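We did not get these values from a lab; they are worked out from the coordinates using the rules stated. Note that the structure is a prediction, hence the values are computed from the model and not measured. Methodologically, a virtual Cβ is constructed for each residue, glycine included, from the backbone with ideal geometry; neighbour enumeration extends over all protein chains shown.
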Amino acid sequence: MFQETPIFSRLVAERGDIPTQVRGEADRIHRDLARVMPWVPASDLPARTTPDRPAW
């Protein structure tokens, strides 16, 4: 994702690889949500029962 540069390498050494950690957490959250909230196609959702708000 990121090109290796001296500043990036130094930040990773000092602070850890934050982008990789964030991706890992996002993947974990995605798996957890998929387990408890199965995906439902939009065509299977109930129709809206409230009118849209007026565009002022």
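F8 sits among other residues whose Cβ lies under 14 Å from its own Cβ, and their net charge, with Lys and Arg +1 and Asp and Glu -1, is -1. Counting every other Cβ atom within 10 Å of each residue's Cβ, E25, E4 order from fewest to most as E4, E25. Distance between the pseudo-spin-label points of I29 and D17 (7 Å out from Cα toward the beta carbon): 2.1 nm.
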